[in-house]
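Since the structure comes first, as structure tokens, the remarks are kept for the end.
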Amino acid sequence: MRFKDLSQLKRPEPLKITLGSLPQHILMAKYAKEKAFKISELVGAIFEVSFEWYGFTLAHKDRPELIADIGLPQNDLNLQDYTNLGSEKIADFQESLPEDLIINGWIHSHGALNYKHFSHTDKENHLTVLDFVAARTRKPLAKKEIAVQDLVLLQKDRFEEKDMEKGSVCLITDAPITEAKIMETVYGSFCYSIVIGDAGWHEQEIHYRERGILSGHTKVSSKAATIEFVDTGKTLSQIDISELSDEVKKKIRPHTDPPPELIERM
Ligand SMILES: [Zn+2]
């Protein structure tokens, strides 16, 4: 049995049912903020020069929208590698984390510079991080109707091969039907990007990706976001600071002779 195409069933607007939403502003534990600025301070104290560094923002698996901590990977001496944040590097760092922690973004410092914006290179890094983080921050956002032009409805065991030549999509059902709606899940992911300066300023963005599971329709967007600092009860203790100091000594090694295009690359 075969029915006519969807034109008779067409709706003006595809049906959409909202299931969830992505964060519209950034939530960050006060502890994580304190730690980020402490890293900058330690870099200045240890190397006697203000220097850029980068890290990852970390969240607990069950609360991916809250930055609970800052993770410091081995920062490279080589500026080119540093600026081009590779997915391999991110994967290595994710693997070093405890089971319940995920990366939900990245943070870097512009040191003593008053350059309070994301650079062109930073923008490329956002996308690399988003790509990596997407699977972990993914959640269903909506069920959305796929408007199929020329949908053919067939009944199991009751159609011929030539029926298959017609239509762009065919739906084979075990009982005769005259109408069908195909709804796909639209998944959404996000990652945070924060840049800070020694003077205490910070700028941040949220990057989004939405993808329809069946249509493959993908939308990438971003926006400047406000940041809300949350008191999680955790504070940076003297022991934490001393451990962080050792970590900074080990993982951050500044260029003593930065190339002139440094500012441009940052
Ligand atoms: Zn930068």
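The values are calculated or read from the model by the stated rules, or taken from the named source; none is laboratory data. As the structure is a prediction and not an experimental result, all values here were calculated from the model. Heads up, the Cβs are rebuilt from the backbone with ideal geometry, glycines too, and the neighbour counts pull from every protein chain shown. Remember, those area values only see protein heavy atoms, side chains included, never the ligands or the DNA or RNA. Shrake-Rupley method; radii C 1.70, N 1.55, O 1.52, S 1.80 Å.
Quote the accessible area belonging to residue 245 in square angstrom, nearest 10, computed with a 1.4 Å probe and with ligands, DNA and RNA left uncounted.
20
How large is the Kirkwood hydrodynamic radius of region 60-165, counting all unique pairs of alpha carbons, in Å?
Final number for the Kirkwood radius of region 60-165 is 18.0 Å.
Report residue 150's accessible area, 1.4 Å probe, all protein chains in place, as a number in Å² to the nearest 10.
70
Quick one: order 100, 240 from most to least accessible surface, probe 1.4 Å. Let's see the in-between values first.
Values: 100 75, 240 40 Å².
Largest to smallest exposure gives the sequence 100, 240.
Average the reciprocal distances over every distinct pair of alpha-carbons in region 99-161, invert the result, and give the Kirkwood radius in Å. Don't skip to the answer; put the middle values down first.
Working: mean 1/r = 0.0584 Å⁻¹.
One decimal place: 17.1 Å for the Kirkwood radius.
With angles folded into 0 to 90 degrees, how steeply does helix 87-96 sit against the dominant principal axis of the chain? Use alpha carbons for both and round to 10.
Once rounded, the angle reads 70 degrees.
Residue 117: accessible area at probe 1.4 Å, nearest 10 Å²?
Approximately 120 Å² for this residue.
Pairing the Cα long axis of helix 238-251 with the longest principal axis of the chain, what angle in degrees results, from 0 to 90 and rounded to the nearest 10?
80
Using a 10 angstrom Cβ neighbour count of at most 13 plus a DSSP loop assignment to flag exposed trypsin sites (Lys or Arg not before Pro), which longest range of the chain is free of such sites? Don't skip to the answer; put the middle values down first.
On the way: sites that count: 4, 10, 61, 116, 156, 158, 166.
The longest such stretch corresponds to 167-266.
Filter the chymotrypsin sites (Phe, Trp or Tyr not before Pro) in region 171-241 down to the DSSP loop ones having no more than 14 other Cβ atoms within 10 Å, then list what survives.
201
State which entries of 38/219; 33/223; 38/143; 89/116; 219/250; 16/166 exceed 32 angstrom in Cα-Cα distance in the structure shown.
Numbers: 38/219 36 Å; 33/223 20 Å; 38/143 44 Å; 89/116 25 Å; 219/250 39 Å; 16/166 28 Å.
Beyond 32 Å: 38/219; 38/143; 219/250.
Mind checking which aspartates and glutamates have their C-alpha under 13 Å from residue 234, skipping anything on the same chain fewer than 8 residues away?
34, 69
Would you mind telling me the share, in percent, of accessible area of the chain contributed by carbon and sulfur at probe 1.4 angstrom?
Accessible surface attributable to carbon and sulfur in the chain totals 50 percent.
Heavy atoms only, probe 1.4 angstrom, no DNA, RNA or ligands counted: give me 183, 164 ranked by accessible area, highest first.
164, 183
Where does the chain land at 222 nm, in deg cm²/dmol rounded to the nearest 500, when only DSSP H runs of n ≥ 4 count, each adding -39500 (n - 2.57), divided by all residues?
Calculated at 222 nm, the ellipticity per residue is -8000 deg cm²/dmol.
What is the percent of Cα-Cα separations in the chain that go past 24 Å? Please list the in-between numbers first.
On the way: 19960 of 35245 pairs.
Across the chain, Cα pairs with separations above 24 Å total 57 percent.
Counting only heavy atoms of the protein chains, get the accessible area per residue of the chain (1.4 Å probe) and round it to a whole Å² value. Please report the intermediate quantities before stating the final value.
Details: 14570 Å² over 266 residues.
On a per-residue basis, the chain sits at 55 Å².
For helix 120-137, what angle does its Cα long axis make with the longest principal axis of the chain, in degrees from 0 to 90 and rounded to 10?
Rounded to the nearest ten degrees, it is 60.
Checking the cross-link filter: which aspartates and glutamates have an alpha carbon closer than 13 Å to that of residue 144, excluding same-chain neighbours under 8 positions apart?
Reachable aspartates and glutamates: 13, 184, 210.
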